[in-house]
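J.: Here it is, the structure, as structure tokens.
The values are calculated or read from the model by the stated rules, or taken from the named source; none is laboratory data. Everything numeric here is computed off the predicted structure, so don't read it as measured data. Virtual Cβ from ideal backbone geometry, glycine too; neighbours counted across all protein chains shown. Surface areas here come from the heavy atoms of the whole protein model, side chains and all, with no ligands, DNA or RNA. Shrake-Rupley method; radii C 1.70, N 1.55, O 1.52, S 1.80 Å.
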Amino acid sequence: MLDSERIMLLPRAYYSAPVAIFLASTCDTVLGRLAANSEMAVEPPQRDAWLQEIAILKEALHDLPGTLFLEFSIPRMGKRIDAVVVSGAVVFVIEFKVGENRYTRADLDQVWDYALDLKNFHQASHNVPILPILVATEAPMSDRLLPPPHDDQVYPPVQANRSGLRRLIDIGLGEYQDVPLDGVRWGTAPYHPTPTIIQAAQSLYAQHSVDAIARHDAGARNLRATSARIEELVEQARSSGSKMICLVTGVPGAGKTLVGLNIATKRRDTNGPTHAVFLSGNGPLVAVLREALTRDEVARRRSSGERVRKGKVGESVKAFIQNVHHFRDEALRETAPPIDHVVIFDEAQRAWNRAQTSAFMRTKKKMPGFSKSEPEFLISYLDRHNDWAVIVCLVGGGQEINKGEAGIGAWLDAINAAFPKWHVYISPELTDSEYAAGHAIDAVRSRPDTHFDSNLHLAVSMRSFRAENVAGFVKAVLDCEIDAARDAYSMLSRRYPIALTRNLDRAREWIRQHARGTERYGLVASSEAQRLKPHAIDVRVNIDPVHWFLDDGCDTRSSLYLEDAASQFDIQGLELDWICVNWDADLRFAGSSWSYHIFRGDRWCGLHKEDRRNYLRNAYRVLLTRARQGMVIFVPPGEASDPTRSPAFYDSTFQYLTGLGIPVLMK
């Protein structure tokens with residue numbers, strides 16, 4: 001007789017046990033375990049669905065070795081897999097649609113996403129075959145064969161009704177005769193999720209901690225250290241009645257915005273003594289995050305039976321994520337301090353310099369004679385507090401992409417010139433030339449209240465979970481460090497595919513072949529890429545970032561349609577899984593450096609001002625670091641009969657990139 005005490009309940013699953021014990025247990029016993037571990041009240045529809053799933057699994061798993069997990073947690077997605085069966089050398093991911101008589105694309109993508117999430121982020125699933133199965137209990141037909149798996153051993157999803165599940169499991173087991181997996185070890189293996197910024201914001205807003213959604217590997221360990229350090233500084237400022245500014249640096253995709261959102265969500269109670277607000281001057285980022293949070297919050301609350309209006313939810317989200325310019329304008333209307341004692345400025349390097357701020361105030365706000373930079377004015381607004389305040393500046397290196405963006409040096413200049421009583425906590429990486437802090441670092445270094453703190457730097461990109469050194473590769477490419485770029489590419493190429501092509505249709509085909517489930521993809525191009533119009537890419541047409549980033553492939557405004565290209569202004573701070581970078585003649589490789597151009601009238605003109613050159617180079621830095629899983633680069637072939645698209649404008653760039661080892665797609 002089997003010992004029921006051997007049943008192992010893992011934190012990751014509501015129920016887990018060897019299959020033999022599951023088969024020997026009554027349905028009510030299994031249901032009781034599920035209900036006891038459920039994080040929410042179990043309503044009759046959920047209870048009945050579980051009972052049907054248990055009955056189907058008892059029949060399908062008869063005499064099968066292995067381990068069963070029910071309601072297995074997927075922390076990055078905030079969801080649970082109905083059933084995971086670890087049997088033989090295969091992991092079976094099973095999603096039930098009880099009572100359904102057809103298989104939908106959305107349901108197939110759902111189970112496929114679960115399988116991909118395990119493959120990418122669950123340590124024990126990295127090197128094992130995974131077969132996702134969608135079970136529509138009342139469907140008339142089941143698949144009878146398996147499609148070929150992808151290179152990473154994840155199968156496309158297959159379909160089964162209640163009687164066809166066992167056949168697909170048997171076929172899957174027959175494909176692999178390797179050493180059987182240890183189900184207990186598989187179930188307790190570490191999970192290292194790497195959410196998109198949208199997924200992270202949704203999880204944090206739903207009151208999950210940064211620990212619940214972030215990777216736990218050593219490479220990204222300082223994400224938690226940085227969050228904890230800022231929390232300490234906030235409490236220190238409050239208890240001592242002092243004012244602080246913290247400058248947090250990080251490579252593209254390292255989690256700077258995630259750190260800021262984590263602080264803001266923990267302190268979003270407007271009645272709390274340390275109320276915080278997240279501010280960004282990035283309009284597309286604000287719009288996309290607000291809409292994503294609103295949609296997710298509405299769906300979550302409606303699923304629990306609550307009647308809620310989207311507009312009402314949206315109002316609370318707006319208070320949580322604000323446009324920095326609206327925050328600034330409020331300071332112009334009154335002399336009182338803001339209600340917030342903790343203010344997080346995302347992409348702080350993009351704040352306006354004195355000339356840009358003065359011109360804006362004169363022309364748009366009818367305030368001639370305004371003499372402060374945006375950083376100085378924003379600090380002065382927080383300085384109105386009589387007791388304490390904390391400013392957190394999230395700083396990206398080489399991310400200034402528009403006229404008048406001051407860089408992080410303007411914040412340091414302002415502190416040094418006008419706010420002698422503020423304490424300054426600085427990432428030591430600000431001394432790197434990439435952050436362009438220059439003389440401002442030297443000036444602020446001599447202050448007795450300046451502290452360099454290594455916990456304020458995020459060194460490893462989490463955007464590309466496949467390869468952490470994508471940012472380093474892109475930096476070497478744009479710095480024309482050929483040997484370093486080759487070395488970086490050789491290190492990342494096995495896990496992070498990059499391809500080159502001179503045929504845009506082939507690039508679209510490559511992306512669609514690589515994307516699976518609901519993985520997101522799209523076209524991007526520099527805002528100066530004016531001669532991509534013959535390829536049906538017109539950067540003068542503005543995308544709607546909300547539709548482009550959030551809507552599905554049925555909407556022509558969606559990125560998934562692969563028609564409208566996002567510029568660096570649309571996509572900075574956001575990301576996709578797969579990207580096609582469309583490289584025009586605005587930035588051309590010229591032997592050992594870059595040649596910079598802008599299209600005016602009917603011809604390309606050279607760019608000579610250093611700041612304009614930096615903006616253009618940084619635009620390509622942003623575009624080339626947006627993909628989480630891989631990218632294809634389209635360099636047009638040019639057209640000899642068109643003086644604006646001479647092949648010579650493009651060939652040198654294409655040859656430079658191929659010389660780094662990037663493979664060229666065959667036609």
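J.: Would you work out the charge dipole size for the stretch 126-194 about its Cα centre, treating the Cβ of every Lys and Arg as +1 and the Cβ of every Asp and Glu as -1, and quote it to the nearest 20 debye?
T.: Around 260 debye, computed over the stretch 126-194.
J.: Here's another thing I want to ask about it. Going down the list Lys97/Lys256; Lys256/Lys403; Lys256/Lys609, which pairs span over 27 Å between their C-alpha atoms?
T.: Lys97/Lys256; Lys256/Lys609
J.: Also, quick follow-up: How large are Rg and Dmax for the stretch 285-389 when calculated on the C-alpha trace, in angstrom?
T.: Calculated on Cα positions, Rg and Dmax stand at 17.3, 56 Å.
J.: Compare the peptides 53-65, 116-128, 560-572 by average per-residue count of other Cβ atoms within 10 angstrom and give them in order, highest first.
T.: For the peptides 53-65, 116-128, 560-572, the packing ranking is 560-572, 116-128, 53-65.
J.: Assign unit charges at the C-beta atoms only (+1 for Lys and Arg, -1 for Asp and Glu), then state the dipole size of the stretch 254-297 relative to its Cα centre in Debye, rounded to the nearest 20.
T.: Its charge dipole is roughly 140 debye.
J.: Now for a different question. Size of the dipole of the chain about the Cα centre, Lys and Arg at +1 and Asp and Glu at -1 on the beta carbon, nothing else charged, in debye to 20?
T.: 1360 debye
J.: Just to confirm, what accessible area per residue do you get for the stretch 66-184 at 1.4 Å probe, in whole Å²?
T.: 38 Å²
J.: How high is the FRET efficiency from Cys605 to Ser316, r the C-beta distance, R0 60 Å, rounded to 0.05?
T.: Working from the Cβ atoms, E equals 0.80.
J.: Sticking with this structure for a sec: Using a cut-off of 18 Å between alpha-carbon atoms, which lysines can reach Lys243, once sequence neighbours fewer than 8 places away in the same chain are excluded?
T.: Of all the lysines, those that pass the test against Lys243 - Cα under 18 Å, at least 8 places apart if same chain - are Lys421.
J.: Considering only protein heavy atoms and a probe of 1.4 Å, how much of the accessible area of the chain is carbon and sulfur, as a whole percent?
T.: About 49 percent, which is the carbon plus sulfur part of the accessible surface.
J.: Each residue of the stretch 17-27 in turn: what ³J(HN,Hα) in whole Hz from Karplus with 6.51, -1.76, 1.60 and θ = phi - 60°, glycine and Pro shown as x?
T.: Karplus values, whole Hz, x for Gly and Pro: 6, x, 4, 4, 5, 4, 5, 7, 8, 6, 4.
J.: Would you mind counting up the charge near Leu279? Only other residues with Cβ under 14 Å from its Cβ, with Lys and Arg at +1 and Asp and Glu at -1.
T.: Counting the neighbours of Leu279, the net charge comes to +1.
J.: With Cβ to Cβ distances under 14 Å as the rule, what net charge do the other residues near Lys365 carry (K, R +1; D, E -1)?
T.: +3
J.: Take each of the peptides 314-323, 43-52, 225-234, average the number of other beta-carbon atoms within 10 Å over its residues, and list them starting from the highest.
T.: Averaged packing, sorted descending, gives the order 225-234, 314-323, 43-52.
J.: Across the stretch 91-103, in residue order, what do the Karplus-derived ³J(HN,Hα) couplings come to in whole Hz, using 6.51 cos²θ - 1.76 cosθ + 1.60 with θ = phi - 60° and x for Gly and Pro?
T.: 9, 9, 9, 10, 10, 9, 10, 5, x, 7, 10, 8, 9
J.: Report, please, the projected area of the stretch 32-126 averaged over directions, based on the convex hull of its C-alpha atoms, in nm².
T.: One quarter of the hull surface, i.e. the mean projection, equals 7.0 nm².
J.: What is the chain's relative contact order, in percent, from Cα pairs under 8 angstrom and six or more apart in sequence?
T.: 11 percent
J.: Relative contact order, percent, of the stretch 497-573 when contacts are C-alpha pairs under 8 Å separated by at least 6 residues?
T.: Reported as a whole number, the value is 31 percent.
J.: Over the chain, consider all pairs of different Cα atoms and compute the Kirkwood hydrodynamic radius from their mean reciprocal separation; express it in Å, one decimal.
T.: Its Kirkwood hydrodynamic radius stands at 27.0 Å.
J.: What do you reckon, how do Asp143, Asp28 stack up by accessible area (1.4 Å probe), largest on top?
T.: Putting Asp143, Asp28 in descending order of accessible area: Asp28, Asp143.
J.: Along the charge dipole of the stretch 261-392, pointing to its positive end and built from +1/-1 on Cβ of Lys, Arg, Asp and Glu, which listed residue (Asn282, Gln349, Pro375) has its Cα farthest out?
T.: Ranked along the dipole, the leading option is Asn282.
J.: On a full-extension model of 0.36 nm per residue, what is the gain between Glu175 and Lys364, subtracting their alpha-carbon distance, rounded to one decimal in nm?
T.: Taking 0.36 nm per residue and subtracting the Cα distance, the gain is 61.2 nm.
J.: Still on this structure, I have one more. Quickly work out the Asn402-to-Glu235 label distance, labels modelled 7 Å from Cα along the C-beta direction, and quote it in nm with one decimal.
T.: Output for this residue pair reads 3.8 nm.
J.: Also, I was wondering about something else. At 1.4 Å probe size, with every protein chain present, just tell me what the per residue accessible area of the stretch 547-615 comes to in Å².
T.: Averaged over the residues of the stretch 547-615, the accessible area is 40 Å².
J.: A 26 angstrom limit on the alpha carbon distance is what I want to check against. Which of Lys266/Lys312; Lys266/Lys364; Lys312/Lys372; Lys119/Lys667 exceed it?
T.: Lys266/Lys364; Lys312/Lys372; Lys119/Lys667
J.: Hey, if we sort Asp346, Asp432 by accessible area with the 1.4 Å probe, largest down, what's the order?
T.: Order by accessible area, largest first: Asp432, Asp346.
J.: While we're looking at this one, here's another question. What is the sum of charges, Lys and Arg at +1 and Asp and Glu at -1, for the other residues whose Cβ falls under 14 Å from the Cβ of Ala485?
T.: With Lys, Arg at +1 and Asp, Glu at -1, the net is -1.
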